[in-house]
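Student: Encoded as structure tokens, here's the structure I'll be asking about.
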Number of protein chains: 2
Amino acid sequence: MQEAKSANRDSAGVRVMGPSAAGAAAFDLDHYLKERAALVERALAAGVAASEGPAGRLLEAMRYSLMAGGKRLRPVLALASCEAVGGTVEAAMDLACAIEMIHTYSLVHDDLPCMDDDDLRRGRPTNHKVYGEAIATLAGDALLTDAFKVLARSSAARRMLPAQALLDSIAELADAAGSDGMVGGQVIDLLGEGRSMDLGELEHLHSRKTGALFVAAVCGGARLGGATPSQLAALREYAQALGLAFQVIDDLLDVEASTEAVGKRTNKDQARGKATYPSLLGIERSRELARELIGTAQAALTAFDHRADPLRMLAAFAVERKL
Amino acid sequence: MQEAKSANRDSAGVRVMGPSAAGAAAFDLDHYLKERAALVERALAAGVAASEGPAGRLLEAMRYSLMAGGKRLRPVLALASCEAVGGTVEAAMDLACAIEMIHTYSLVHDDLPCMDDDDLRRGRPTNHKVYGEAIATLAGDALLTDAFKVLARSSAARRMLPAQALLDSIAELADAAGSDGMVGGQVIDLLGEGRSMDLGELEHLHSRKTGALFVAAVCGGARLGGATPSQLAALREYAQALGLAFQVIDDLLDVEASTEAVGKRTNKDQARGKATYPSLLGIERSRELARELIGTAQAALTAFDHRADPLRMLAAFAVERKL
């Protein structure tokens, strides 16, 4: 949900320092993000191709949600992380697509009437409002399943890497998305509605519900770029801190933003009695926490050279640009 | 749905010849099936372990459907196919579990109110009747995702095989389960309700909805057993014919069996105006078709030695025993 809500991320009121002025001047993040998102979208459109066949309606529903725009933050992180350790965009592109497909499936299923029952997503009717609940459920199932197909069949990764690295990326992605990761987090979230949660429980929830896919994107990308174990450990720390910072900022936006600004109903968390960072810590302390987390993410990149600048910039500006 | 409906498979009235009398005497299929199903169930129970943690309810819901019994036909086929080409049960066990997890997820989602809206499965309340729609949807999502984790992390397969063979099995399983396979078939089935379908369309539907997973079980098992390309081609033919035979027999049972005998409501297909083999071909011609398909499956195994006897027996008795 980050991307939809963060259309007006400025309003979270979090400000952090970016990299050095020289680095910032040499690097146009807006341009970078647009160019990378376009690459990802081209690959996604080719990977989930429209079809006139008998299951054409399924592919249409899959593409409706998959090609609905957004900043493509997770896949861009996967590509940037691969490049940060000396790999190529090509090596990580199928992973990037698989991650965006899994992110999209989770949004489609989260929006279902039996879950969050949302009518709008990125300002458009949600999948089940357009295609009905049955097709939306199946479109989510297919996006999830096909994500593993795209990754396992990745000809670039197979050509450029030992099969073992690709197997490890598949296992890591399934871990992040399954009962120990996103789905488990969603269940904790569902069952936690209306009851109090302490800060540790809230962090555990978010590390599974949203953090795990950030970690899979960053570590998977690095793995496919040939990362060393110590690079992987540092990037895991970066991704965990960045993912949590996003969640804190999402919670802040949920309190502050209006429906017009973000394209979906807001402040629903509070209405449902869900625990949030602002409800547990207050707004000011939540902003401070987001800044601290971004600082942790930046610090994790200390040993990396200029090729990690996109990761640095993504963290620095994530909280104040339209990520 | 095969397993639930087939509790009274005798009533389909299909009889075929088994292997030679000597072979049949030397091989106790009932004992074989029970022993193999027990092995699979032990591995499944270990792979999806109960948990007291915050997501314990999710694991409980996953296990409720996964450990609900049944003949475990698909995983037993995977093991038998691995052995038919000289592999070990151990090499294919994680694949067998992954396939049963995917089969189970598909049943949980198929039973949802927005899909088939079934209250009973194998004589017990369906997952969403016990855990609610949200948890049932998520339990299905987690079974599907964790299936890929189990397969990608398979230490036996990693130890015994080139990583490439395991990658190929993952890709083949995702193909069978995704938009080109099961999910696509389910969409064709849903959208086909109430409209006429010719025999070619019906066969295409079933090859995707149920046949693809039979093929993934048999070919995946053989791949992990070190099959040659020509063995894989023969086993694909076996699996395609066997999968279709099962569907024809399911349709026959749906017409003939009563609710008491099979533990779920029957003759629903006809009530919904779904095309079935008996509705297109009549009962007698449908029985004949099932016999022909079993003959095709048997013929595909001609070049295999006695290690393929379990596959032969499974085909021969599938239609008249309680498979």
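What follows is calculated from the coordinates using simple rules that are stated; it is not laboratory data. Since the model is a prediction, treat every value here as computed from it, not as a measurement. Cβ placement follows ideal geometry from the backbone for every residue including glycine, while neighbour counts extend to all protein chains displayed.
Student: Please average, across the residues of B:223-233, the number of beta carbons from any other chain that are within 10 Å of each residue's own beta carbon, and give a whole number.
Tutor: The mean count of partner-chain Cβ atoms within 10 Å per residue comes to 0.
Student: To continue, here is another question. What's the center-to-center distance, using Cα atoms, between the stretch A:229-257 and the stretch B:81-132 in Å?
Tutor: 36 Å
Student: Shielding by partners for B:107-118, please: the mean number of other protein chain Cβ atoms within 10 Å of each residue's Cβ.
Tutor: For this peptide, the per-residue mean of nearby foreign Cβ atoms is 3.
Student: May I pose another question? Using Cβ counts within 10 Å as a stand-in for footprinting exposure, how do B:Asp250, B:Asp116, A:Asp146, A:Asp119 rank, fewest first?
Tutor: Listing B:Asp250, B:Asp116, A:Asp146, A:Asp119 from fewest to most nearby Cβ atoms yields A:Asp119, B:Asp116, B:Asp250, A:Asp146.
Student: Fewest to most neighbouring Cβ within 10 Å: what's the order for A:Phe304, B:Phe246, A:Phe317?
Tutor: A:Phe304, A:Phe317, B:Phe246
Student: Further question on the same structure: In whole percent, what relative contact order does chain B give with Cα contacts below 8 Å and a gap of six or more residues?
Tutor: Normalised by residue count, the contact order of chain B is 29 percent.
Student: Under a Cβ-Cβ cut-off of 11 Å, what is the net charge of the residues other than B:Ala165 that fall near it, where Lys and Arg count +1 and Asp and Glu count -1?
Tutor: Local net charge: 0.
Student: With Cβ to Cβ distances under 11 Å as the rule, what net charge do the other residues near B:Lys129 carry (K, R +1; D, E -1)?
Tutor: With Lys, Arg at +1 and Asp, Glu at -1, the neighbours total -3.
Student: Remind me, relative contact order of the stretch B:173-257 in percent, using alpha carbon pairs under 8 angstrom and six or more residues apart?
Tutor: Relative contact order, the stretch B:173-257: 31 percent.
Student: How large is ³J(HN,Hα) for each residue in the stretch A:142-153, as worked out from phi by the Karplus curve 6.51 cos²θ - 1.76 cosθ + 1.60 (θ = phi - 60°), to whole Hz, x for Gly and Pro?
Tutor: Each residue's phi maps through the Karplus curve to give 6, 4, 5, 5, 5, 4, 6, 5, 4, 6, 5, 8 Hz.
Student: Would you mind ranking B:Lys274, A:Lys209 so that the residue whose beta carbon has the fewest other beta carbons within 10 Å leads the list?
Tutor: B:Lys274, A:Lys209
Student: Could you name the aspartates and glutamates in cross-link range of A:Lys129, using Cα to Cα under 12 Å and dropping any fewer than eight places away on the same chain?
Tutor: Correct list for A:Lys129: A:Asp111, A:Asp117, A:Asp118, A:Asp119.
Student: Which of B:Ala174, B:Ala45, B:Ala217 ends up with the largest GNM mean-square fluctuation for chain B, with Cα atoms connected below 10 Å?
Tutor: B:Ala45
Student: Can you tell me the order of B:179-191, B:66-78 when each peptide is scored by its average per-residue count of other Cβ atoms within 10 angstrom, highest first?
Tutor: So the peptides B:179-191, B:66-78, ranked by packing, come out B:179-191, B:66-78.
Student: If you don't mind, there's one more thing I want to ask. Which residue in A is nearest the A/B rotation axis when you measure from the C-beta atom, and what is the distance in Å?
Tutor: A:Ala163, 2
Student: Average partner chain C-beta neighbours within 10 Å, per residue of A:201-210?
Tutor: For this peptide, the per-residue mean of nearby foreign Cβ atoms is 1.
Student: Here's another thing I want to ask about it. Would you mind listing the distances between the A:Gly69 label point and the same position in each other copy? Use 7 Å along Cα-to-C-beta, nm, one decimal, shortest first.
Tutor: Taking the point 7 Å beyond Cα along Cα→Cβ, the inter-copy spacings are 5.4 nm.
Student: Continuing with the same structure: Could you give, in nm with one decimal, how far A:Val130 is from each other copy of that position, shortest first, with labels 7 Å out from Cα toward Cβ?
Tutor: 3.6
Student: I would also like to ask the following. For A:Gly86, place a label point 7 Å from Cα along the Cα-to-Cβ direction in every copy; what are the distances to the other copies, in nm, shortest first?
Tutor: Distances to the matching label points in the other copies: 4.1 nm.
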